[in-house]
1. Just to be sure I understand the model, the point goes 7 Å from the Cα along the line to the Cβ. What's the resulting I210 to D260 distance in nm?
2. Give the separation of the Cα centroids, the stretch 137-163 to the stretch 261-303, in Å.
3. Evaluate the distance, in nm, between pseudo-label points positioned 7 Å from the Cα of N284 and of T305 along their respective Cα→Cβ axes.
4. At R0 = 30 Å, how high is the FRET efficiency between N68 and D131 if r is their beta carbon distance? Nearest 0.05 is fine.
5. Counting C-alpha atoms alone, how compact is the stretch 88-140: give Rg to one decimal and Dmax as a whole number, in angstrom.
6. According to a simple spin-label model (label point 7 Å from Cα along Cα-to-Cβ), what is the distance in nm between A119 and L270?
7. What full-extension length gain, to one decimal in nm, is calculated for D169 and A108 as 0.36 nm per residue of separation minus the Cα-Cα distance?
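Where a number appears in this text, it was derived from the coordinates with a stated rule and is not lab data. Everything quoted here is computed from the prediction, not taken from an experiment. Positions of Cβ are generated from backbone atoms using ideal geometry, with glycine treated the same way; all protein chains shown enter the neighbour counts.
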Amino acid sequence: MALIRIPQSWELPERLITPESTFLNRRRFLKSLIGASLGATTLPLAGCNRTSAISTQPGLDELTPYSNLSQNPQFSDVGQVTSPEFATQYNNYYEFGGSKSIWKAAQALPTENWQVEVAGLVKNPQTYDLDDIQKKFPFEERIYRFRCVEAWAMVVPWVGFPMRLLLEDVEPTSDAKFVRFSSFYDPKITTGPGFWAVNYPWPYAEGLRIEEMANDLAFFATGIYGKTLPKQNGAPLRMVIPWKYGFKGAKSIVKIEFLDKQPATFWNTLAPNEYGFEANVNPNVPHPRWSQATERIVSNAPSFTWEEQPTLLYNGYEEYVGELYT
Ligand SMILES: Nc1nc2c(c(=O)[nH]1)N[C@H]1C(S)=C(S)[C@@H](COP(=O)(O)O)O[C@H]1N2
Ligand SMILES: [Mo]
């Protein structure tokens with residue numbers, strides 16, 4: 001991709017472009033902005049008390065809580081859960097901007113009448129709406145480690161269902177070897193890339209081998225912290241592949257295609273030597289521009305500081321996925 005010049009801010013690890021102090025100052029700044037412009041914000045307010053509206057998680061408080069949610073005990077004990085305030089305000093969603101502070105811009109995502117088309121090499125092609133998904137697939141809560149390729153990490157409680165249930169529903173043919181998942185893209189709405197990335201290979205798309213999709217860990221999330229997904233986290237349906245780097249987890253999915261060949265994916269097309277198709281978390285395989293041996297995990301409110309810890313092979317999920325890669 002010699003024609004594509006990758007902007008500087010995409011190339012740098014987050015720790016270099018956004019040191020903690022900058023982020024924390026920005027958060028404080030954001031809070032004061034929110035306080036000053038409540039009338040102008042499109043977010044409904046939880047109450048009339050301005051202080052409480054600011055101190056709760058913007059974008060989270062008006063989301064629908066799941067009732068009778070069962071937590072999968074197999075995926076519950078992976079350390080202190082990251083505070084929702086952080087996980088819903090520190091995001092990567094380039095369709096809505098190149099920084100981590102896109103949660104407000106992402107509220108422009110239109111999620112009404114959402115449909116997910118399943119096509120390609122399957123016996124039962126489907127176009128699901130969210131009601132179909134809710135009725136067909138039993139939802140559960142799973143707490144997963146989350147590891148971005150930029151060497152930061154969180155622990156996130158997702159709500160959703162394992163991808164293998166969708167496989168059973170659509171029945172891939174024996175020719176199906178790979179799956180491509182495409183995100184919502186409408187240049188009139190997803191204006192975040194602006195002039196600097198209009199020629200990038202949108203829509204954002206990710207892919208898996210079909211055996212990876214069939215692994216019990218591979219998950220479709222429709223919720224987070226017991227509520228429906230905020231837009232900035234990939235509403236209404238996103239992928240969560242906890243043993244792979246975060247960029248493998250495409251957000252706001254509109255299309256799932258079963259294919260006989262490895263599909264082109266967003267980051268792998270842009271910079272194949274930096275973002276592999278497989279992209280398993282591995283402390284021994286450095287990114288060309290930084291080590292992956294350690295990661296920074298965020299500690300919780302009120303300080304939100306980053307703490308260094310060793311990176312685990314397959315992000316700690318070797319017992320589940322090791323056999324896929326022998
Ligand atoms: N459509 C889309 N999906 C995406 C991204 C994106 O920019 N666009 N960023 C990826 C990256 S790099 C990461 S680390 C995670 C971040 O998910 P979070 O914001 O919920 O933590 O989303 C992934 N999915
Ligand atoms: Mo990422």
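1. Distance between label points: 1.1 nm.
2. Answer, in whole Å: 16.
3. The modelled label-to-label distance comes out at 3.3 nm.
4. After rounding to 0.05, the efficiency reads 0.95.
5. Values for the stretch 88-140 (Cα only, Rg and Dmax): 15.3, 42 Å.
6. So the two model labels end up 2.5 nm from each other.
7. 18.8 nm is the gain from fully extending D169 to A108.
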